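Encoded as structure tokens, the structure appears first; notes follow it.
The values are calculated or read from the model by the stated rules, or taken from the named source; none is laboratory data. All values reported here derive from a predicted model rather than from experimental measurement. Cβ atoms come from the backbone with ideal geometry, glycine included; neighbour counts cover every protein chain shown. Accessible surface areas use protein heavy atoms only, side chains included; no ligands, DNA or RNA. Shrake-Rupley method; radii C 1.70, N 1.55, O 1.52, S 1.80 Å.
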Amino acid sequence: MARKSCVELIKLNMELPLRNSISLAIAIILAMLAPTVWAQDQNSFIEIKGSVYDTSNNDPLVFADIIVVDTNIATITNTEGEFLLKIPNAFKNASVTIQFLGYADITVTVLELQKTSSIGLKPSFTQLDEIKISRPKNAESLVRLMLEKSGVNYINDNVTMTAFYRETIKKRRTNASLSEAVIEVQKQAYTNRKRDAVNIVKVRKSTNYSKLDTIALKLQGGPFSNLYADIIKYPEYIFTEDNLSQYIFTFDTSTYINDQLVYVVNFKQKPELKIPLYYGKLFIDSDSFALTSAIYSLNVENRALASELFIRKKPNKVHVYPTEANYRVNYRSSNGKWYFSYSNILLSFKVNWKGRLFNSYYTLNSEMAITNWKVSQEKFTKPEDKNLILKPTSILIDEASGFSDPEFWGQYNIIEPEKSIESAIKKINKQLEKSSS
């Protein structure tokens, strides 16, 4: 069952040559969240740029949460520790909490954040004696309890979420394709077996196929890939009642999040198993036994079997196999209930052409951040424009326009782009300006 789930999770398509080019489509089929979007006035919000760092060494803190207190408005830092937060004027007197796993929270007012946008967090240290007393003795039983209590610990209303999604494709270190979207995720209750739905609100892209040489990579499904990383909503893609016995679970050093003790569980497949399974860490709340975060990877040591999970079709002269497949999912709590808040997927592939001296390496990175949400009192409805409905088989960059509108996002919260991505966008904009002049 675990292997079957992997096949459903990620698939890679490669089409036959067309005009001396080969189209490589990577289909990651993960259930995705669709958020409802609220009407927004371009001049009715405060925009704050800043960064979050570790006070002990000044290193940037990646994927730190920035949350407007008593609201569902939030954003997250990028890989350089930077953030961009847009707050409606109605909350100009509100407070903002900055959180990061294993660090003490900081809460400041919006005014303070505007004045001092560089925020330092201090590491929290665990009292080992306290953990020895309270921690369950068996790590596997803790994971089973985590899965059993999902219906109690997570939001069981239908929720409409606003999310920001970004996917990038790189050949080695060069950005070749950038796609971004604000989406509406119709998130089904965690006790409901129905899958989430996604509608497009805003989308844009830019692809420089000259950087891809003879291969064009396309991420099929887009945001759905990141939705399926929600282990609690879609446990079948990693843990099931049948395959838990195929893993070894052990305790790691516990930590704190939001001043709450969190157990850390390491997991990996049993060494005698040769099929590709997962390994990583689970962060489990010590009081409720809710999963608060997970960082995990697919074992790709067996190239032949790992390739079968990803490669659906390819030319005979090409060998393609994954060199890494990394996943991350974060949850936040609201009024005692947890909900999916962020996921990141990093896939790397090696492409080897017969008769060529050098191999090509491609990296696909996708991330989704929930920036606002509300409980849906009525039944979810589909948008009138059917083109706005995203399907797991859709390719986001085929739905998008170019990077041309500086006010494109308006009041929507997005993840601050990395400097490398920002530079690539500027170069592409210049190319667009030259071609239109």
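List of remarks:
- Selection over segment 80-94 of residues that are assigned to a strand (DSSP E or B) and farther than 22 Å from residue 61 by Cβ gives a count of 1.
- Segment 191-207, residues that are open to solvent by less than 30 Å² (accessible area, probe 1.4 Å) and over 18 Å from the mean Cα position of the chain (by Cα): 206
- Of everything in segment 149-194 that is modelled with pLDDT of 90 or more and among the β-branched types (Val, Ile, Thr), the residue that is farthest from residue 232 (Cα to Cα) is 182.
- Test: residue in segment 304-317 that is under 20 Å from the mean Cα position of the chain (by Cα) and open to solvent by 10 Å² or more (accessible area, probe 1.4 Å): no
- Condition check for residue 334: in contact with a strand residue (DSSP E or B) (Cβ under 9 Å, 6 or more places away or on another chain), surrounded by 17 or more Cβ atoms within 10 Å (Cβ to Cβ), in contact (Cβ under 8 Å) with a residue 12 or more places away in the chain and of a type in the set (Ser, Thr, Tyr): no
- In the set 122, 115, only one residue is basic (Lys, Arg), under 27 Å from residue 422 (Cα atoms) and open to solvent by 20 Å² or more (accessible area, probe 1.4 Å); that residue is 115.
- Segment 53-89, subset free of Cβ contacts under 8 Å to residues at least 40 places away in the same chain, open to solvent by 10 Å² or more (accessible area, probe 1.4 Å) and of a type in the set (A, V, I, L, M, F, W, C), residue farthest from residue 344 (Cα to Cα): 69
- Segment 244-298 holds strands (runs of 3 or more DSSP E) entirely within its bounds, and those carrying 3 or more residues that are closer than 27 Å to residue 347 by Cβ and among the aromatic types (Phe, Trp, Tyr) map to 278-285.
- Search result, residues across segment 76-107 that are polar (S, T, N, Q), in contact with a strand residue (DSSP E or B) (Cβ under 7 Å, 6 or more places away or on another chain) and closer than 17 Å to residue 329 by Cβ: 77, 99
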